[in-house]
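Heads up: the structure comes next, in structure tokens.
The values are calculated or read from the model by the stated rules, or taken from the named source; none is laboratory data. Please read these numbers as outputs of a predicted model, since none were measured by experiment. Here the Cβ positions follow ideal geometry from the backbone for every residue, glycine too, while neighbour counts run over all protein chains shown. Please note that ligands, DNA and RNA were not included when accessible areas were found on the heavy atoms of the full protein model with its side chains. Shrake-Rupley method; radii C 1.70, N 1.55, O 1.52, S 1.80 Å.
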Amino acid sequence: MAGFGYYWKRIGHAFVTLISVTTITFVLFRMMPGNPAQAMRAQFEEQLGGSGQAADPEVIDQMVQVHTGFDPSKPMYIQYFEYMRDVILYQDFGQSIQYGEPVFDILFAAMPWSVFISVYGLALGYTANILLGAAMAYTEGSRFDNSMTVVTTFLNSIPYYVGAILFLAFFAYELRWFPGGGRYDTSLEPGLTIEFMSSIVHHGTLPIMSSFIVGFGGGALAMRGNSVRILGEDYLRVARLRGISSTRIATRYVARNAILPLYTQMMIGIAAVFSSSVVLEYIFTYPGVGWYTFDAINMRDYPLLMGSFLFFTIITLIGVLLAEFTYGIVDPRAGSGGQSESY
């Protein structure tokens, strides 16, 4: 039961964090000059005035309420209560000013595309980190180790957006091996066909490779350092004296223990990859959550921007919770924290 108490306590902490972040964001958006309600009211007054219609304040307030999900004529605490009620009970984040569609529908349709390029990029990056770091550790001090240390340090210092621009300029515009934007070939009929799925992979290759840069470099150096440290442990000398094969030592003792410090970094790195998609998807004109977020910033689409911010906050909290809940499974020595919580 103590273990379940630990899990529920962590979930409670995550929920409190989500509510706190949402509250702060809600208040800041409405206290800053040109807050959403004022900006939309001015926009609607301009639209109605341009069409020759009288700008009725009650009508404008109703239009603002439809888009934002709260009544601007009410006190802020009531606006906040109504907004949170609609978000929690009805998944109603308001209506996008630019697209005229519910924010939830826009983000829900865009989310799988962001997950596709972000998760695959992160998975490829950390897989390459583990393999390269292990190879560097087993060849410590060699020419391969020294050269790869320089290469990984250099790659780790390159911002992901610089890599994205270089990939786009060279592979898309210079060599024309990959398309310069879009999620798939619009001339194809969407469906589970080889042509359509191949088009998705073809269009997603460059964004995935740019996400790959986000998770590559520093992880390989960390894996190398962990492996070198473990290779010098006394229990490995005992294992060799007992006649245990080198393959078993490498996989069961060295690799498993060296990967553990990278596990939490990888889970939390999910949030970093998704946040980087804001610029990444805009560079590749890839309409995912990041692309809509960047567009909402430019167009001052506050309902869509608020919904995107909640999306990234939830992704970050899920990554942290997964790291906390599963680390005890990956490393049984760490436990679940239940014993410490029972005191």
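List of remarks:
- Of the whole protein surface, residue 58 contributes about 130 Å² of accessible area at a 1.4 Å probe radius.
- Ranked order, 167, 284, 311, 154 - accessible area, probe 1.4 Å, largest first: 154, 167, 311, 284
- Surface composition of the range 97-151: carbon and sulfur atoms hold 72% of the protein heavy-atom accessible area at a 1.4 Å probe.
- FRET efficiency, 1/(1 + (r/R0)^6) with R0 35 Å, evaluated for residue 99 and residue 189 via beta carbons: 0.90
- Residue 149 paired with residue 9, simple spin-label distance in nm, labels 7 Å along Cα-to-beta-carbon: 4.2
- Karplus-derived 3J(HN,Hα), 6.51/-1.76/1.60, for each residue of the range 135-140, Hz, glycine and proline x: 5, 5, 5, 6, 10, 3
- When peptides 100-108, 117-125, 286-294 are ranked by their average number of other Cβ atoms within 10 Å per residue, the highest-first order is 286-294, 117-125, 100-108.
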